[in-house]
Amino acid sequence: MKDVLEDFRVSEAPYWRETGDEITLFTAAWDARIPVMLKGPTGCGKTRFVEHMAWKLGRPLVTVACNEDMTASDLIGRYLLDVDGTRWQDGPLTFAARHGAICYLDEVVEARQDTTVAIHPLTDDRRVLPLEKKGELLKAHDDFLIVISYNPGYQSLMKDLKQSTKQRFGAMDFTWPGPDVEAEIVAHEAGVDADTAQRLVEIGARSRNLKGHGLDEGVSTRMLIHAGRLIKGGIAPKAACSMALVHSITDDPDMRDALDAAVSTWF
């Protein structure tokens, strides 16, 4: 019989450079089945951390990229019509709760608030999910855990999480690693030498100083890795940085000039 969770198992260890007690905290939340909320800027490693923890805990991972068009039925499930008539199709949240996977809702505030309310019964002591259309009250599997993430510095008040949602989760704050650790991550993930990684990190630090002064977000660790991979592939450093760091983050000519100047300082 096929393992229904086979496609959701993390077979190889995703690289994660621990910077604090995040692994200990997440493991404790898992042991206590406390839902987890990861907060931090885009590209700082929230998704990679969830993947690493799913591998470490030996649990399947069901990931949902939230968006404003996502409905509660997209999460929970719906009846579908096929040649044999109608059949029920579990949504990703229901599938994870039924079979005991970690369900990761990425950028959860992008979903409508009436959609996120659907997770409430699973995030308190009840750990149940009412499937009203099916007439079923699903009790979550003992190994089920829900994890959400979002970037609180980027969201407007209209797209923030409701307090009734926030208070159901244990929260972990993520931010950029220290320069030495970030250079280590970039070198490992991009396959570049330590000197090149350090130069990229310095450019990233310059860009983050511009947040709120013309940039909505600074250059992320993910973007630094992209630049490093281009350099590793033979692209000249300035051209790689222009493509991966400058042109992708802003269209403002003055901001591009400022970022180009930072690139020229280090390459």
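When region 215-228 is examined, which residues are found to be touching a residue at least 40 places away in the same chain (Cβ under 8 Å) and more than 15 Å from Thr175 (Cβ to Cβ)?
If the condition is that a residue be touching a residue at least 40 places away in the same chain (Cβ under 8 Å) and more than 15 Å from Thr175 (Cβ to Cβ), then Leu215, Asp216, Met223, Ile225, Gly228 are the ones that fit.
Please verify whether Trp16 is in contact (Cβ under 8 Å) with a residue 24 or more places away in the chain, exposed (fewer than 15 other Cβ atoms within 10 Å of the Cβ) and not polar (S, T, N, Q), treating the condition exactly as stated.
So Trp16 fails the test.
Could you please tell me which pairs satisfy a Cβ distance under 6 Å, a separation of 6+ or placement on different chains, a first residue in region 63-81 that is surrounded by fewer than 15 Cβ atoms within 10 Å (Cβ to Cβ), and a second residue that is among the aromatic types (Phe, Trp, Tyr)?
Note: pairs meeting the criteria are Tyr79/Trp88.
Among (1) among the aromatic types (Phe, Trp, Tyr); (2) part of a helix (DSSP H, G or I); (3) within 22 Å of Ile225 (Cα to Cα), where does Tyr15 come up short?
Result: Tyr15 fails condition (2) only.
Taking region 96-131 only, how many residues are among the hydrophobic types (A, V, I, L, M, F, W, C), more than 16 Å from the chain's Cα centre (by Cα) and over 12 Å from Arg168 (Cα atoms)? Full working, then the answer.
Residues of region 96-131 among the hydrophobic types (A, V, I, L, M, F, W, C): 96-97, 101-103, 105, 108-109, 111, 117-119, 122, 128-129, 131.
If we keep only those that are more than 16 Å from the chain's Cα centre (by Cα) too, we end up with 96-97, 101, 117-119, 122, 128-129, 131.
If we keep only those that are over 12 Å from Arg168 (Cα atoms) as well, we get 96-97, 101, 118, 128-129, 131.
Count: 7.
Please verify whether region 19-34 includes one or more residues that are outside any helix (DSSP H, G or I), more than 16 Å from Tyr104 (Cα to Cα), at pLDDT below 95 and of a type outside the set (Phe, Trp, Tyr).
Yes, region 19-34 contains a residue that is outside any helix (DSSP H, G or I), more than 16 Å from Tyr104 (Cα to Cα), at pLDDT below 95 and of a type outside the set (Phe, Trp, Tyr).
Is it true that some residue in region 48-58 is among the aliphatic types (A, V, I, L, M) and either more than 20 Å from Leu122 (Cβ to Cβ) or in the same structural domain as Leu245 (by TED's automatic domain parsing) (or both)?
Scanning region 48-58, I find no residue that is among the aliphatic types (A, V, I, L, M) and either more than 20 Å from Leu122 (Cβ to Cβ) or in the same structural domain as Leu245 (by TED's automatic domain parsing) (or both), so the answer is no.
Might you check whether a residue that is aliphatic (A, V, I, L, M), touching a residue at least 60 places away in the same chain (Cβ under 8 Å), within 28 Å of Ala239 (Cβ to Cβ) and in contact with a Phe, Trp or Tyr (Cβ under 7 Å, 6 or more places away or on another chain) occurs anywhere in region 173-186? Give the steps one after another, and end with the answer.
Going residue by residue through region 173-186, those that are aliphatic (A, V, I, L, M) are 181, 183, 185-186.
Okay, now just the ones that are also touching a residue at least 60 places away in the same chain (Cβ under 8 Å), so 181, 185.
Now restrict to residues that are within 28 Å of Ala239 (Cβ to Cβ): 181, 185.
Checking which are in contact with a Phe, Trp or Tyr (Cβ under 7 Å, 6 or more places away or on another chain) leaves us with none.
No, region 173-186 contains no residue that is aliphatic (A, V, I, L, M), touching a residue at least 60 places away in the same chain (Cβ under 8 Å), within 28 Å of Ala239 (Cβ to Cβ) and in contact with a Phe, Trp or Tyr (Cβ under 7 Å, 6 or more places away or on another chain).
The values are calculated or read from the model by the stated rules, or taken from the named source; none is laboratory data. In this text the structure is predicted, and so the values were computed from the model without any measurement. All Cβ positions, even for glycine, are placed from backbone atoms using ideal geometry, and neighbour counts span all protein chains on display.
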